[in-house]
Structures are given as C-alpha cells and as structure tokens.
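What follows is a single structure, written as structure tokens, with notes after it.
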Amino acid sequence: MTPELTEILKISLLVLLVVAAVASSVMKKLVPALIVFTSFSLVMSVIWMLLESPDLAITEAAVGAGVSGVLFYMALKRMERIKREYIEKDGKAAPENDGEEDGCDNNETKG
Amino acid sequence: MKLKDDFKKWLSYDLDLDEEPTMPEPIEFDDEAPEITIWHRLRQQGAHRKLYYVVAVICSAVLAFTLILTVSGMPRYGEDAEFMDTVTYEYLAHGMEYTGAVNIVSGIILEYRAFDTLGESFVLFCAVTCVLVLLRLDDEADSSAPSYHDLTHDIVLRRTARAIIPLIFVFGIYVLLNGHLSPGGGFSGGAVLGAGIILLSSAYGEEASGKFVTERTFRIVTTSALLFYCVGKSYTFYTGANGIETFIGNGRPGDILSAGLILPLNVAVGLVVACTMYGIYRMFKERRF
Amino acid sequence: MSFIENLPFLSVVLFLFAAVVCSVLKPKAARIFTTAVEAVVIAFSVATLLYTRGTGTFFRYNMGHFDAPWSNQLRAGVLDALAAFTFSSVLLLSHIGGIRYAKIDIEPKKQNSYCTLLNLIGAALMALSYTNDLFTGYVFLEILTLSSCGILVIRRQGRTTLSAARYMVINLLGSGLFLLGVSLFYGTTGHLLMEYIKTGVETLDATGEYQIPLTVTIGLVSSGLAIKAGLFPFHTWMPDTYGTATPTSSAVLSGIVSKGYIFLLIKIMYRVAGTGTVAMTAARHILYVFGMAGIIMGSFWAIKSKYLNRMIAYSSAAQIGYIFVGIGLGGEAGFRAAMFQLIAHAFTKPLLFLAGARLSESSGDSLLFSDLQGAAHRNRAAGAAFAVGAFSMVGIPTLAGFSTKLYFAVAAIEHGTLVDFATLGVLAVSTLLNALYFMRTVIRIYTPSPAPTPLPTFEPSPDKSDPGLVCAVGFAAGILFLGLFPGTVSSLIISGLSMFG
C-alpha cells in the first residue's frame with residue numbers, strides 16, 4: 001500500500017474511533033450501544049496493528065471485542081436493562097414467563 | 001437573641017439542621033419511546049440535571065482540547081528523538097542478549113520490569129476477588145436472581161462453536177507458549193483461552209465447561225500460578241539485588257526452551273488471566289461456579 | 001550490602017504472598033495469618049527506619065540483574081520507612097479493633113476474602129512507600145483502589161453498595177488522570193524511574209522546551225492524586241462511604257488509604273517534578289486554595305450532621321484539607337507540617353471510628369446523636385478512647401493535634417505575606433469549629449441518660465476474645481507519643497525530607 005493510502009486509512013479509522021466512542025455514550029437503546037462499543041474495540045485493535053504493536057492488537061481483540069462485550073451484556077441482562085423480546089408463534093402472544101429468555105428455545109423445529 | 005437561642009438549641013441537639021441522607025430516586029427509563037439519543041430524555045428532566053450534563057460536556061471538551069494541545073507539540077510517531085529514547089535504544093540493542101527473548105516486549109515485561117507485571121497479575125486477582133465478594137451466592141436458598149436462558153439448544157451457536165473452539169484453544173496455547181519468540185505472551189494468550197472457555201460454557205452449558213474448570217480447579221490454578229510467580233520472581237529479585245549469581249540460564253535465543261523464567265511465567269500469567277475471565281463470567285451468569 | 005536492605009522488598013512480597021494464601025484458608029486461620037504478617041511487616045519497617053537513621057542516607061534496591069534506568073527499583077530513606085511503619089501499624093490496629101464487627105457484618109464464607117483484600121491494601125501501601133518508579137506506583141495504586149472498593153462492598157447492605165459505586169467512579173477518574181500524567185511523563189522524558197525523570201524535567205525546564213506538556217503533566221498527576229485523596233470538591237463520597245462501611249473498613253480507608261495517595265503525591269513532588277519548578281509551584285498554590293476551602297466547608301458540614309459517623313467523615317475531609325494546606329505552603333516547614341498531620345491523623349481517625357462503633361453498639365446500634373446520650377457510661381473504655389481522639393482533633397496540648405497545629409502555625413509564619421495571615425486565620429477558625437462539634441459530642445456521650453439502657457440489636461458473637469482494648473491502647477499510645485515527644489518525630493521527618501529528593 002502506498003503511504004498516502006495508509007494515511008487515509010489511519011485518519012478514517014481515527015474518525016471512526018471518535019464517532020464510535022461518542023455514539024456508544026449517547027445512544028439510548030443499550031444493545032446497539034453495546035455493539036458499537038465492541039466495534040470501538042475492534043477499530044482500536046486495527047489501529048494497534050497499524051502502529052506496529054501486534055501484542056497489543058491480540059490482547060485488545062481478545063479482551064475488548066471478545067470478553068468485555070460479553071461481560072457487559074451479562075451485566076445489563078442481570079440488571080434487567082435489556083428486556084426480553086418475545087417472538088410471537090402462530091399469532092399468540094408470548095406467555096409472561098419469569099425464567100425464560102428470548103424465545104429461542106421454542107425454535108427447535110425451525111432449526 | 002435568636003442566634004444565642006439557636007446556639008443553645010444546637011448545643012443540646014434540639015435544632016434540626018435537616019441533614020438526612022437519602023437514597024436517590026430511581027430514574028424511570030422509557031425504553032419504548034422512539035428516540036435514538038438521550039438528548040430527548042434530557043428535555044423531560046429538571047434544570048439541575050441539564051446543567052450537570054452541560055458542565056460535564058464542557059469539562060470533557062476542555063480536557064480533550066488540552067490533551068490534544070499537549071501532544072501536538074511532541075515529536076511525531078516514529079521520529080528519532082535522542083533525548084527521549086535512551087532507554088528504548090538500550091532495550092533494542094541489548095535486550096535479546098540479556099534476557100534471551102526474541103520478542104523484546106516479553107523480555108521487558110517479564111525480565112526488566114517484572115515487578116510491574118507481578119503487580120498487574122495481582123490487580124487481576126484483586127478484581128476477581130472483588131467480583132466474588134459481590135456476586136457469589138453462598139446461601140443455596142437465596143436464588144432469587146434470574147437464571148439465564150440456556151442457549152444450549154441454539155443450533156447456530158452449537159455448530160459454530162464446535163468448529164471454532166478447538167481453533168481458539170490451539171491458537172491460545174500457541175500464543176501463550178511462544179510469548180518469548182513471537183508476539184503474544186501471557187496476557188494475550190490467557191485472554192484468548194479465557195474467551196474460548198467462555199464460548200464453550202455458553203454454547204455447551206455448564207456440564208461441558210464444568211468438566212475442566214470447577215471452583216476447586218479455579219482456586220488451585222490461580223493460587224499456585226500466583227505463588228509460583230511470587231516465589232520465582234522473588235528469587236530473581238533477591239539474587240539480583242544482592243549480587244548473587246543465579247542458576248537460571250538464558251539458553252539460546254530462538255529455542256522454545258530459552259529466555260530463563262519467561263516461559264514458565266508466561267504460562268502462569270496466562271492461566272491466571274484465563275481463570276479470571278472465566279470466573280467473572282460465571283459470577284455474572286449464575287453467581288456460583 | 002546488609003540484609004536489612006532486603007526488608008522493604010520483603011514487606012511487599014510478604015503481603016502479596018499472604019493475600020494469595022488467605023484466599024484458600026478458613027476464616028479464623030486467615031485472620032490469624034493476616035495479623036501475624038502485619039506484625040512482621042511492622043517489625044521490618046522499624047528495622048529499616050533504624051537502619052536508615054543510623055546510616056544517615058537512603059539506599060536503593062535493584063529489582064533484577066539489571067542496572068538502574070532499565071529496571072525497577074525500590075528506594076528507602078527515613079521518610080519512606082516512617083510512612084511504611086505508620087501504614088502497617090495502623091492497618092494492624094484497625095484490623096484487630098474491628099474484628100468483632102467484621103464477624104457480624106460479613107458472611108462467614110467471605111471472611112477470608114476480607115483478609116485477602118486487607119493484605120492487598122497492605123502490599124499496595126508498602127509498595128507506594130518504597131517505590132522509586134512511577135509506573136510501579138501506578139500499578140499498586142490500582143491495587144489500592146480495587147481492594148478499597150472491595151472492603152467497602154463486602155458488607156451487604158443497599159446503601160453500602162451505592163456509596164461504594166460512587167467511590168469507585170470518583171477514584172477511577174483520579175486514576176485515569178494520573179495514568180495520563182504518567183504516560184506524558186514517559187513521553188516527554190523517556191524514563192520511568194523517578195530520579196531520571198527529574199533530570200529530564202529540570203533540563204526541559206531550563207531550556208524552556210515542551211513547556212505546555214510539562215505543565216499539563218504535572219497538573220494531571222497532582223489533580224488525579226488529589227481527587228483520589230478526597231480534596232475539597234471531591235470529598236462528597238466520604239460521608240456515605242465511611243458512614244455505612246464496617247468499622248475496620250472505615251478506619252482503614254480514612255486512616256491510611258487516603259494518606260497513601262498523598263504520600264505518593266509528596267514523593268512525586270520531591271523526586272519527579274522538583275518542588276521548585278514553575279509548574280509545580282502553580283499546582284501547589286491551587287492545592288493550597290482547595291485545602292483551605294476544604295477545612296472550612298468540612299467543619300461546616302460536620303456541625304450540621306445528625307449522625308456520628310457522618311460527622312467524623314466530614315471532619316476527615318477537613319483534616320485532609322490541612323495536609324494539602326501544608327503541601328501548598330511548601331518549603332521544609334510546610335512539608336514537615338503536612339507529614340506530621342498525615343501521621344497524626346492516621347492514628348486519630350481510626351480510633352474515632354472504632355470507638356464510635358462501640359458507643360453506638362451500646363446505644364441500641366443507633367448512630368443518631370439523640371440516642372448516644374450517656375453512651376460513655378455504658379462502655380467506659382470506648383468513651384475514654386473517643387474522648388482522647390476528640391481532644392486530639394481539637395488540639396488540646398499533650399496530644400497529637402496540638403503539635404500538628406503548632407507546626408502549621410510555624411510553617412505559615414515563615415511566609416510573612418498575605419498567605420501568612422490567611423492561613424493563621426483559617427487555622428484559628430477551624431480550631432474553634434472543631435472544638436464546637438467535637439466537644440459537643442464528648443459532652444453528649446458523658447451526660448447520663450434518663451432512659452433505661454437499650455439492648456444491642458445484634459447478638460455479639462460468643463467468642464469473648466475482643467481485642468478492642470489492645471487496639472484502643474495502641475492508638476492512644478501513638479497519639480500521646482506524637483503529642484508529648486513531637487521533636488523526635490519531627491527530626492525524623494526533617495532528616496527524611498532532606499534525603500527524599
């Protein structure tokens with residue numbers, strides 16, 4: 001890659017980083033905000049590669065985009081800030097069930 | 001005089017100066033409303049919170065501007081700055097020879113500055129202890145927490161996991177063991193391994209991951225890894241400071257069994273990191289192992 | 001090289017080792033082991049103190065087989081050893097003084113985790129006392145932050161978790177600013193060992209290059225550590241946190257954790273930035289102004305409180321303000337006053353919290369002043385201990401507080417400008433305010449109450465071994481020593497400061 005193209009890539013990644021950071025702070029719905037946060041980590045990992053630090057890139061990808069996103073999701077689920085979404089089956093409303101989660105377990109037949 | 005009366009009343013604890021600590025009222029979240037950002041929510045709240053948000057944004061902007069101003073005057077990335085790089089030149093010139101590691105970053109974090117890495121491992125240990133303290137349910141009867149939906153029947157997750165998990169484990173072990181020869185090391189490899197165990201646990205359920213990581217395993221692995229790091233590095237620090245020769249040699253750079261204690265320490269750190277990640281995940285998911 | 005030079009390193013590693021081991025021991029074994037380790041570390045600190053005082057100079061300890069600028073280093077002088085001794089002895093006394101309440105507040109299976117966290121706090125404080133490297137300071141600062149949040153949340157009560165969350169957020173802000181400062185220091189000078197950074201900073205200060213980065217860096221580091229220690233506008237977490245935690249945790253947090261951050265700040269001022277540089281002087285002036293505001297506002301809010309714990313917490317905010325005023329005054333006299341106040345407060349505040357807990361236990365477990373009337377007659381030892389602590393805070397002669405205020409006055413007079421009058425004025429007003437709310441409390445607890453003795457609301461554990469008396473005697477002895485023989489400690493501090501830079 002030519003040096004100018006690398007420069008353009010770096011600048012666009014940095015802009016994307018700032019946009020992702022601001023967006024994950026002000027978004028209202030939490031699951032999309034979480035996904036944007038994960039993409040922030042992913043962009044950061046690519047930037048570490050462009051800055052020639054592969055150790056940091058591996059760690060950032062594993063920790064930021066992997067484990068950190070999952071743990072955030074678990075925490076939000078535990079605080080019940082992410083509500084369940086029921087998939088209606090045959091036009092019937094989903095039952096008010098306190099232990100079940102997203103209606104995935106009745107999808108055996110669609111598997 | 002009113003002041004004298006007030007003072008006498010205050011002295012005998014009869015004056016109520018209205019200092020009662022209150023819990024804050026919970027904010028009502030209206031998740032069904034169609035707006036995208038929180039600016040719309042702000043409009044509903046009082047002037048107090050609006051002022052708070054405005055001041056917060058101004059402070060962050062000032063801090064960001066100050067930091068940009070600060071680094072704009074410093075040398076650019078990759079530029080040669082003799083004044084600032086004496087330590088770096090030394091590491092690059094003699095790192096491989098003194099530590100035996102081809103990956104100089106591993107040499108720095110586990111030989112030159114091993115005390116900091118010891119501290120960082122203990123930071124992980126402290127974090128998992130705090131999470132255990134907060135979340136672990138010791139009382140079997142107190143399980144009012146919502147139990148998580150069991151995704152083990154989700155066919156997409158199972159099929160994908162079956163293909164990917166072996167690759168993740170092999171890659172993680174490779175990164176861990178080759179820390180002194182190629183990029184990676186204890187923290188990276190441990191994080192990858194931890195992510196792999198988390199994926200195994202969420203795809204195949206507790207029975208599958210419980211086969212090789214239980215609470216007992218967690219305790220034994222964490223404790224022995226940290227103790228090994230403490231004792232091993234104390235030996236090195238003690239002999240180094242007192243000028244005694246150590247018997248741990250550096251080997252030939254490039255061999256898998258070289259670089260002194262770096263390989264065992266990478267393994268120890270990696271195990272601590274993997275167990276920490278998995279432990280925190282289990283605590284969040286089910287509040288017990 | 002004598003064996004004593006290994007002791008600073010052994011103090012840190014012993015605490016780390018004990019932390020790991022305690023996580024797998026049974027509660028009683030963990031407690032005994034922790035107490036034993038704390039006692040051993042106190043002995044190490046005393047030995048280091050006597051050794052450095054004897055040789056009259058500091059020594060360095062290289063971690064590893066490498067020479068100075070490329071590896072970690074510990075450094076011990078008189079002041080470092082004195083701080084280590086203060087931290088470890090207050091940790092031991094607070095731990096044994098609050099065991100009675102820890103057994104009740106904490107679930108049985110988590111009590112060994114509590115000992116783990118206390119050991120981690122001990123390790124972090126020892127490392128902060130002896131470190132000669134900026135990044136090591138940051139790593140152990142992280143350990144200190146996390147474990148202090150841990151010892152707060154271990155008590156399962158709604159209000160405790162909320163206040164711990166607030167504490168965590170403010171502390172993380174401080175940590176973040178400090179880390180930015182550390183990375184900028186590394187970026188501008190290329191070193192992480194403190195003395196080498198100082199050479200770099202002095203060179204840059206002389207040539208005038210990188211003026212803005214240096215100022216911003218020093219500002220970030222100072223404000224980060226001041227926020228963590230609880231300087232004036234950032235002290236709002238104090239009343240909730242100290243008021244709802246188990247007594248050992250309040251004692252440890254108010255006594256030594258805040259002081260650890262301040263000690264690191266003093267160390268950075270002497271060894272990294274140099275007290276004479278332009279940026280550092282400006283930072284000190286700002287800390288001085290906030291310290292003065294903290295003294296007045298802290299006392300004002302303490303007067304308004306209805307609960308004993310919250311009153312003691314607000315008075316803590318005022319006393320931290322004193323230390324920052326001492327730092328702001330600068331010069332040898334100013335720093336001596338600040339260090340003296342650091343040690344005196346570390347011995348006094350935990351005593352107040354632990355005695356207050358026993359007084360409230362004997363008053364039906366209530367912390368309202370209206371219920372505490374006559375509590376000293378129900379529990380004579382606690383009443384006497386609380387009185388000693390309160391008199392020391394006010395500044396009665398022969399106790400620690402009086403020597404502190406004397407040294408502050410001496411430091412203030414050295415300036416001879418408007419600063420001199422302002423400081424003396426604020427000292428006088430704050431002594432009056434302290435007397436108001438502390439003497440009111442002492443009178444209250446000694447006034448016999450017409451109501452019958454209320455029963456405690458919890459069952460004290462049948463294990464009759466309550467080492468609270470030992471703890472109270474230990475703290476009182478420390479306060480009396482600082483009050484009756486201030487010259488000894490002062491000369492130690494002065495000789496320590498001269499070899500600190």
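The values are calculated or read from the model by the stated rules, or taken from the named source; none is laboratory data. None of the values given here were measured: they were computed from a predicted structure. In this analysis, Cβ positions are derived from the backbone assuming ideal geometry, glycine residues included, and neighbour counts consider all displayed protein chains.
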Check: What is the residue count in the stretch B:172-223 for residues that are surrounded by fewer than 23 Cβ atoms within 10 Å (Cβ to Cβ) and among the small types (G, A, S)?
Finding: 8
Next item on the list: Give just the number: which of (1) farther than 30 Å from C:S498 by Cα; (2) within 14 Å of chain B (Cβ to nearest Cβ); (3) touching a residue at least 60 places away in the same chain (Cβ under 8 Å); (4) part of a helix (DSSP H, G or I) does C:S94 not satisfy?
Entry: (2)
Margin query: Take the residues in the stretch C:176-195 that are surrounded by fewer than 21 Cβ atoms within 10 Å (Cβ to Cβ) and of a type outside the set (A, V, I, L, M); name whichever of them is nearest to C:V272 (Cα to Cα).
Written below: C:E195
Next item on the list: Just give me the residues in the stretch C:389-448 being touching an Asp or Glu at 6+ places or on another chain (Cβ under 9 Å) and either of a type in the set (F, W, Y) or surrounded by fewer than 20 Cβ atoms within 10 Å (Cβ to Cβ) (or both), in sequence order.
Entry: C:I413, C:E414, C:D420
Notebook entry, point to check: Looking at the stretch C:47-61, which of its residues are closer than 14 Å to C:G501 by Cα and in a strand (DSSP E or B)?
Noted result: C:F59, C:R60
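Can you tell me which residue among C:R156, C:R166 is in a helix (DSSP H, G or I) and either surrounded by fewer than 21 Cβ atoms within 10 Å (Cβ to Cβ) or modelled with pLDDT of 90 or more (or both)?
C:R166
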Item checked: Qualifying positions in the stretch B:227-246 - without any contact (Cβ under 8 Å) to a residue 40 or more places away in the chain, facing chain C (nearest Cβ under 7 Å) and closer than 16 Å to B:A268 by Cβ -> B:L227, B:S234
Margin query: Can you tell me which residue is surrounded by the most Cβ atoms within 10 Å (Cβ to Cβ) among those in the stretch C:209-223 that are within 12 Å of chain B (Cβ to nearest Cβ) and under 19 Å from C:T136 (Cβ atoms)?
Written below: C:T217
Check: In the list C:G208, C:G190, which residue meets the criterion of being at pLDDT below 90, at positive phi and out of contact with any helix residue (DSSP H, G or I) (no Cβ under 7 Å at 6 or more places or on another chain)?
Finding: C:G208
Margin query: Please verify whether B:E286 is acidic (D, E) and within 14 Å of chain A (Cβ to nearest Cβ), treating the condition exactly as stated.
Written below: yes
Check: facing chain B (nearest Cβ under 8 Å), touching a strand residue (DSSP E or B) at 6+ places or on another chain (Cβ under 9 Å) and of a type in the set (S, T, Y), is that true of C:S113?
Finding: no
Next item on the list: Please enumerate the residues belonging to the stretch C:5-28 that are touching a residue at least 24 places away in the same chain (Cβ under 8 Å), more than 11 Å from chain B (Cβ to nearest Cβ) and surrounded by fewer than 18 Cβ atoms within 10 Å (Cβ to Cβ).
Entry: C:K26
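With respect to B:L265, determine if the residue is within 14 Å of chain C (Cβ to nearest Cβ), surrounded by fewer than 24 Cβ atoms within 10 Å (Cβ to Cβ) and modelled with pLDDT of 80 or more. Talk me through it step by step, then tell me what you get.
On the way: within 14 Å of chain C (Cβ to nearest Cβ): yes; surrounded by fewer than 24 Cβ atoms within 10 Å (Cβ to Cβ): no; modelled with pLDDT of 80 or more: yes.
So B:L265 fails the test.
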Next item on the list: Restricting attention to the stretch A:49-72, report how many residues are of a type outside the set (D, E), surrounded by fewer than 18 Cβ atoms within 10 Å (Cβ to Cβ) and over 16 Å from B:G194 (Cβ atoms).
Entry: 5
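Here is a yes/no grid of residues against (1) within 25 Å of C:A302 (Cα to Cα); (2) at pLDDT 75 or above; (3) within 12 Å of another protein chain (Cβ to nearest Cβ):
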position: B:M1; (1), (2), (3): yes, no, no
position: B:F7; (1), (2), (3): yes, yes, yes
position: B:V57; (1), (2), (3): no, yes, yes
position: B:S60; (1), (2), (3): no, yes, yes
position: B:S72; (1), (2), (3): no, yes, yes
position: B:E79; (1), (2), (3): no, no, no
position: B:V87; (1), (2), (3): no, yes, yes
Next item on the list: Confirm whether C:A206 is farther than 19 Å from C:C149 by Cβ, more than 9 Å from chain B (Cβ to nearest Cβ), in a helix (DSSP H, G or I) and without any contact (Cβ under 8 Å) to a residue 40 or more places away in the chain.
Entry: yes
Check: Within the stretch B:210-217, is there a residue that is small (G, A, S) and either modelled with pLDDT of 85 or more or touching a Leu at 6+ places or on another chain (Cβ under 6 Å) (or both)?
Finding: no
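Which is under 22 Å from the mean Cα position of the chain (by Cα) and closer than 20 Å to C:L144 by Cα, of C:F17, C:F9? Step through it out loud before you land on a result.
On the way: C:F17 fails: under 22 Å from the mean Cα position of the chain (by Cα).
From the options C:F17, C:F9, the qualifying one is C:F9.
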Next item on the list: Mind counting the residues in the stretch A:19-29 that are surrounded by fewer than 19 Cβ atoms within 10 Å (Cβ to Cβ) and either assigned to a helix (DSSP H, G or I) or more than 9 Å from every other protein chain (Cβ to nearest Cβ) (or both)?
Entry: 7
